[in-house]
Amino acid sequence: MKTKNLAKKALVMVAMTFMFVMNAQAQQKRLMEFQVMMAMNETTYKNCLKEGKYKEAITSLTTLINILDTTTIHKDTEIPENLIKESKGMYQYDLACCLALTGQKKQALQALEKSVNNGYKDYNNMLNDNDLKTLRKDKKYKALLEIVKDRQPLSVLKKAGPYAKDSVKVENPFHYQTNESKNLCMVREYFKLDSVVGQGDEMSKIINLLHFVHDNMPHDGNHRAFAEMDAIDLYNYVKTTGKGVNCRQLAISLCEMYLALGIPARYVTCLPADPNDHECHVINSVWSSQLQKWIWIDPTMDAWVMDENGNMLGIAEVRDRLRNDLPLVLCETANWNHQNQQSKEYYLEYYMAKNLYFFACKKISRFNPESDYRENPKESDFVLYPTGYSSPNWKGCDTTTDSDLFWAKPE
């Protein structure tokens, strides 16, 4: 009897495994069919746009929108539903442009309204797009433009709730691995950090180390290195494969190098208000004993931020100045991979304004702080929210609304 039961269990397991494999194959086939259909129609409409064939482009755009209206692909694959909605909004915007260019003003306004209802938020593009110039005097266009203006990252950031003292959490939750630890000593020796940073004062060393990581580890936001999350392994991955790493991996690498020199540092995940927006940015917050403050250091962009008098600022100060329209100065070195120079307007007022709504840090800054090869418990993270807000993506983490606690001086 026992043997028969074991045999039955084995058969059930085989059947379940077979069903799982078949289901996965079916999902993959459906996903590929969906992507091919979308790509085919998108290529057609883009070619029509290049050739000025706006009526033909309308047909392809309408087909794309209908596909997204009727698809259930998000239920069966990893494509998130919000991405479907966002894509629909973009196509509806392009449809509005084509309709306006062909003199169909009423239909253009209807398409534009649908685009805005699906989350369209590029205010500057909508304001200056000559394709929509025939709509600009219309009351409906102006009302829709105001809605989009209200979605601008800086507008959203300014509407965030204030911080508030935390009467429950009063002890500094953050700790920093000592530079005498074996792994950090290895980092210091491996990269010859004493030679890298030079003989200047502390601030020059902090900046020299920033330049070193930016120059030697290119950024690729679409690629996550298949490596351990430590500076040595990530650096060797870059040199071996010739590929870049994402902003988190850059900030982790730089954080370890600062710690190896005895300089307290964290890598800070800077996050947007929209829980469906999964594009965040990770930078470093570095403690300067020389200035007695945290300072903003971004290895992806080789960037730091100052006030109008040249004083270096921390993440909390930059956020506060953006919210209160106070002057900010971006360093002249700010660039992406030595290819694209960064402007203050784009980098701070648009990109980072979106990603300064709330923050998350590891409670312990150390060598190899997180890994794909072990559990990374939520309890190891500490999150700073503005009052009245929380994110479903960070459930289970320790949280606070106390900015002074989150940015406490290292002990």
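The values are calculated or read from the model by the stated rules, or taken from the named source; none is laboratory data. Since the structure is predicted, the reported quantities are computational estimates derived from the model, not experimental observations. So basically every Cβ, Gly included, is an ideal-geometry build from the backbone, and we count neighbours across all protein chains shown. Please note that ligands, DNA and RNA were not included when accessible areas were found on the heavy atoms of the full protein model with its side chains. Shrake-Rupley method; radii C 1.70, N 1.55, O 1.52, S 1.80 Å.
Could you list the GluC sites (Glu not before Pro) in the range 61-94 that lie in coil according to DSSP, counting only those with at most 13 other Cβ atoms within 10 Å of their Cβ?
Here the sparse-neighbourhood loop sites are Glu78.
Using amide H atoms built 1.01 Å from N in the peptide plane, name the residues 5+ places from Val305, or on other chains, whose amide H lies under 5 Å from its own.
When sequence neighbours closer than 5 places are left aside, the close amide H contacts are Trp296, Leu313.
Please list 3J(HN,Hα) in residue order for the range 129-144, calculated via the Karplus relation 6.51 cos²θ - 1.76 cosθ + 1.60 where θ = phi - 60°; whole Hz, with x for glycine and proline.
6, 5, 4, 9, 4, 6, 9, 4, 8, 6, 4, 5, 4, 4, 5, 5
Helix-only mean residue ellipticity at 222 nm, the chain, DSSP H runs n ≥ 4 weighted -39,500 (n - 2.57), per residue, nearest 500. What is it? Please report the intermediate quantities before stating the final value.
Numbers: 15 runs with 194 residues, N = 411.
That comes out to -15000 deg cm²/dmol.
Hey, how many Å between the Cα centroid of the range 175-227 and the Cα centroid of the range 336-392?
Taking the Cα centre of the range 336-392 as reference, the centre of the range 175-227 is 19 Å away.
Write out the trypsin sites (Lys or Arg not before Pro) in the range 195-303 meeting two conditions: DSSP loop, and at most 11 other Cβ atoms within 10 Å of their Cβ.
none
Report, by chain and number, residues whose modeled amide H sits under 5 Å from the one on Lys293, excluding near sequence neighbours (fewer than 5 apart, same chain).
It is Ser288, by chain and number.
Calculate, in nm to one decimal, what Ser155 and Tyr190 gain on full extension: separation in residues at 0.36 nm each, minus their alpha carbon distance.
Between Ser155 and Tyr190, full extension yields 8.1 nm more.
With every protein chain present, what is the per residue accessible area of the chain (1.4 Å probe, Å²)?
Working: 21510 Å² over 411 residues.
Per-residue value: 52 Å².
Could you calculate the FRET efficiency of Tyr389 with Glu308 from 1/(1 + (r/R0)^6), where r is the beta carbon distance between them and R0 is 35 Å, rounded to 0.05?
0.70
Report ³J(HN,Hα) in whole Hz for each residue of the range 241-251, in order, from the Karplus equation J = 6.51 cos²θ - 1.76 cosθ + 1.60 where θ = phi - 60°; Gly and Pro get x.
Once rounded to whole Hz, the list reads 9, x, 9, x, 10, 7, 5, 5, 5, 5, 5.
Within the range 191-291, which GluC sites (Glu not before Pro) sit in a loop by DSSP and count at most 11 neighbouring Cβ atoms inside 10 Å?
Numbers: sites: Glu202, Glu228, Glu256, Glu279; in loops: Glu228, Glu279.
Passing sites in the range 191-291 are Glu279.
Computing the accessible area with a 1.4 Å probe over protein heavy atoms, can you report the carbon and sulfur percentage for the chain?
53 percent
Evaluate 2.2 N^0.38 Å with N set to the residue count of the chain, then give the Cα radius of gyration divided by it. Don't jump to the answer; show the numbers that get you there.
On the way: Rg = 25.3 Å, N = 411, 2.2 N^0.38 = 21.7 Å.
Rg over 2.2 N^0.38 Å, computed on Cα atoms: 1.17.
Kindly provide the pair-distance distribution of the range 60-166 built from C-alpha pairs, with 10 Å bins from 0 and whole-percent values in order of increasing distance.
Taking every Cα pair in the range 60-166, the percentages come to 14, 40, 27, 14, 4, 1.
I need the phi-derived Karplus couplings for the range 393-398: 6.51 cos²θ - 1.76 cosθ + 1.60, θ = phi - 60°, integer Hz, Gly and Pro marked x.
Rounded to whole hertz, the list is 7, 10, 5, x, 8, 6.
If one computes P(r) from the Cα atoms of the range 241-391, what percent of pairs lie at distances over 25 Å?
29 percent
Multiply the residue gap between Leu127 and Glu202 by 0.36 nm, knock off their C-alpha separation, and tell me the result in nm, one decimal place.
Numbers: separation 75, 0.36 × 75 = 27.00 nm, distance 4.57 nm.
Value of the extension gain: 22.4 nm.
Length gain on complete extension for the stretch Asn66 to Glu51, per 0.36 nm per residue less the alpha carbon to alpha carbon distance?
Residue separation times 0.36 nm, minus the Cα-Cα distance, leaves 3.0 nm.
Quick one: putting +1 on the C-beta of Lys and Arg, -1 on the C-beta of Asp and Glu, what dipole do you get for the range 105-202 around its Cα centre, in Debye to the nearest 20?
With Lys and Arg at +1 and Asp and Glu at -1, about 1120 debye.
Restricting things to Cα coordinates, could you compute the convex hull volume per residue of the range 43-94 in Å³?
Details: hull volume 3.6 nm³, N = 52.
Roughly 70 Å³ of hull volume per residue.
Taking 2.2 N^0.38 Å as the expected size of a compact globular protein, what ratio does the Cα radius of gyration of the range 324-411 give against it, to two decimals?
That ratio works out to 1.36.
Whenever you get a sec, line up His223, His338, His281 from highest to lowest accessible area (probe 1.4 Å, protein heavy atoms).
Ranked list, largest accessible area first: His338, His223, His281.
For each pair in Lys205/Lys362; Lys106/Lys140; Lys50/Lys88; Lys105/Lys139; Lys85/Lys159, compute the distance between the two Cα atoms and list the pairs where it is over 18 Å. The partial results should precede the final answer.
Values: Lys205/Lys362 24 Å; Lys106/Lys140 10 Å; Lys50/Lys88 21 Å; Lys105/Lys139 13 Å; Lys85/Lys159 24 Å.
Violating the 18 Å limit, Cα to Cα: Lys205/Lys362; Lys50/Lys88; Lys85/Lys159.
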